[in-house]
Amino acid sequence: MSTSGIELTVGLTRSATQGETGMGGMRPLERPIDVELVELTKVFDNGVVAVDRVSLQIHQGEFFSLLGPSGCGKTTTLRMIAGFEHPTSGEVLIEGRPMGNTPPFRRNVNTVFQNYALFPHMTVYDNVAFGLRMKRIPRDEIARRVREALQLVRLQGFEERYPRQLSGGQQQRVALARALVNRPRVLLLDEPLGALDLKLRKEMQLELKHLQMTVGITFIYVTHDQEEALTMSDRIAVMNAGRVLQVGTPVEIYERPSSRFVADFIGESNFLRGRVTEVGPGEVTVALDGGFPISVRCDQPPARGTEVTVAVRPEKIRIAPAEAPEANGLVRGRVEEVIYIGTDTFYVVRITDETVVRVRSQNDRNRLDGGQLLPVGTPVSLDWAPDAARVLTE
Amino acid sequence: MTSEATMPSALVLPKRRWRVSFGWLALYLNVVLAFVFLYAPIVVMSIFSFNASRQMQVWMGFTLDWYVRMLHDERVRIAAQNSLIVALVSTLVSTVIGTLAAMALERTRFRVKRLYEGAMYLPIIVPEIVMAIALLVFFNLAFTWLDRLFGLQLNFGLGTITIAHIAFSFPFVAVVVRARLADFDRTLEQAAQDLGATDWQTFRYITLPLLMPGIIAGALLAFTLSIDDFVITFFNAGVGSTTLPLEIYGRVRRGITPDVNALSTVMLLASIVLVLGSLLLQRRRTA
Ligand SMILES: Nc1ncnc2c1ncn2[C@@H]1O[C@H](COP(=O)(O)OP(=O)(O)O)[C@@H](O)[C@H]1O
Ligand SMILES: [Mg+2]
């Protein structure tokens, strides 16, 4: 994702990116590393291993998401970067410097808390000015920078309000402005949109992404919402039970999940069990339990005889009546359920006694089922492109 | 709400109405009784402070004589002055100690915490007379030893009263402040630290202002406890350290007179003003 096309219109923006002239055209992964986690581990007093040997490299200007179910250790990871939690072992490096015991107020990062944590006894202006005042910045510069920050989040004219006189979305913007006004190297955001309703959340997702591209600050964004992570991120680290399972761009994570957990957590997947019968170059043949041998693309093919799971996304599967001429299906089955949702139709197809496959078929004119819903009970054949399926060993 | 309003059932309503009216009756009775027991004596006292007669039994017409006399009464002036000095100093000190104690109990973990907690709350449950005697014995002992070791000649007076008042009022401050600390959102302090505030700045600009209503309420409580304390003050006072309650007691022993009523009425008014002031102050803080 390149940020070079974005017009920098606000003062805060310009100065924040001044030192990086010429970097705009660089791809994020070629840029210097802002935050590095090395085998970061946190074991709480009660024995809970909240974060387990997490190693990550987050590059300058990246929108990086930590994605995982509730309780997987995202917040704890973020708190160790901010300095609120001390690692049991491992290390946090910011701009290449090991943080060790550096207290939060000496780290060049700022946090947007999940509940915003706005100071209730201060006006919007005083909230946003707080960080600058602590650093004893001259009064007129504070005024200028606060004005710019409020402009950036479109909250001009709200200076004298108190937090409780603002809506959830506005409070969220104040929290953003309060952090951004300090021009941190890295902004940490812990489920910042979690408290907003769906419509506002969707709006704010795009706005946040736009804001991040404008100011060019590295964002580390915590969320349990996979759609949110896919929408906004340059790269995503998928976490479960304290561990990072996979790191990659949204496309990589979605198209090439490396584990069953990732394939299941991001989007939806069908999991078909089988055994490897043939190993070719970049390809294996898998005999599905109670099905036919199918060939699947695979970068690191497992040995012959290995029990594997084949993952296929519902929207990658083509469905056709079994007697149709183009039905050279990989798998045959019978329609068990039809769910029509307007743009798409979901079919639940039983292929063996134990296994059903969910198929998502777009309701456009090019469908293989001839523009008609296939009724329940229809014998069908399913197929997909060889690179649409993934062989998962775990 | 709306479903109640549109409910057509005629069967439900009478039952509800009956319950409501019974509730109202109980509430009404309660209010009346509270007024009779709580306020009637106070009202009677105040009214008779304007009585032209020296006798309590008869009303002889309105006068402000007792108030005028009180204003010119040297003994009353000295007692009021003593009371104020003791109340102000002990309130100030016990508010600071009480707030720190609350912070220590709520924010830190130390080995003898439970013990400290129990010991600190003791003055709240110990009978006042026991506390008074204990302090008396303590001061006597301390004075004896200070005399023997350093030749210091100390005696009972405003100093002992003030120390005694601090001792019994700071736990009350601690309780009030701690209640506010208990539901304090600590992410606010973390947010301040995150924005570059040191520990001291965090305390100064976030913790303290947000605790202020609790601290003010605690201080007010300490002040009220101090200004009207009789038992402990009585046992730990010395020559020339008569406070208002002691002065009133001394006068009542010679018979209840309208000037005592006038003095009490003034104290009542003063505390009402104090409470209203603190309420207004707290309002402004959060508005
Ligand atoms: N202060 C703490 N003491 C003990 N356990 C904790 C503490 N904070 C978090 N945990 C535990 O650590 C795990 C990870 O928590 P957290 O990082 O908050 O997860 P997430 O943000 O992904 O929902 C959870 O099992 C949680 O119960
Ligand atoms: Mg969390």
Normalised Cα Rg of the protein assembly as shown, dividing by 2.2 N^0.38 Å with N its residue count, works out at 1.43
Would you mind getting me the FRET efficiency between A:Arg304 and A:Glu95? Use the beta-carbon distance for r and R0 = 45 Å, nearest 0.05.
-> 0.40
Ranked from fewest to most other Cβ atoms within 10 Å of their own Cβ, A:His224, A:His86, B:His165 fall in the order A:His86, A:His224, B:His165
Sorted by Cβ neighbour density within 10 Å, fewest at the top, the residues A:Phe271, B:Phe48, B:Phe35 = B:Phe35, A:Phe271, B:Phe48
Where both partners of a DSSP beta bridge lie in chain A, what percent of those bridges are antiparallel, to the nearest 5?
-> 75
Reachable aspartates and glutamates, given that their alpha-carbon falls under 13 Å from the alpha-carbon of A:Lys135 and they are not under 8 places away in the same chain | B:Asp194
Computed from every Cα-Cα pair in chain B, P(r) in 10 Å bins starting at 0 and rounded to whole percents is 6, 19, 23, 22, 17, 10, 4, 1, 0
Setting aside same-chain residues fewer than 8 positions from A:Lys42, which lysines have a Cα under 23 Å from its Cα?
-> A:Lys74
So which helices of chain A fit the span-like rule, where a helix is a whole DSSP H run, its Cα atoms reach 24 Å or more along the axis, and its mean Kyte-Doolittle is at least -0.5?
-> A:198-215
Where the convex hull is taken over the Cα atoms of segment B:30-180, what is its projected area averaged over directions, in nm²?
-> 14.9
Work out, step by step, the length gained on full extension between A:Thr277 and A:Val49: first 0.36 nm times the residue separation, then minus their alpha carbon distance; give nm to one decimal.
-> 78.1 nm
Shape category assigned to segment B:149-188 from the gyration tensor of Cα positions, a/c cut at 1.5 = prolate
Using the beta-carbon distance between B:Arg254 and B:Val43 and R0 = 30 Å, what value does 1/(1 + (r/R0)^6) give for FRET efficiency, to the nearest 0.05?
-> 0.75
Among A:Ser381, A:Ser167, A:Ser65, which one moves the most in a GNM of chain A with springs linking Cα atoms closer than 10 Å?
-> A:Ser167
Where a label projected 7 Å from the Cα of A:Ser295 along Cα→Cβ would reach, residues of segment A:372-394 with amide N under 19 Å | A:382-392
Nearest-0.05 FRET efficiency for A:Glu268 and A:Ala322 at R0 = 25 Å, using Cβ-Cβ distance, is 0.55
Mind sorting A:Tyr221, A:Tyr162 by how few other Cβ atoms lie within 10 Å of their own Cβ, fewest first?
-> A:Tyr162, A:Tyr221
Determine the distance separating the Cα centre of segment A:112-140 from the Cα centre of segment B:183-228; give it in Å without decimals.
-> 17
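No lab work stands behind these numbers, since they all come straight from the coordinates. Since this is a predicted model, take the numbers as computed values, not measurements. When we count neighbours, we look across all protein chains shown, and the Cβ atoms used for this are built from the backbone with ideal geometry, even at glycine.
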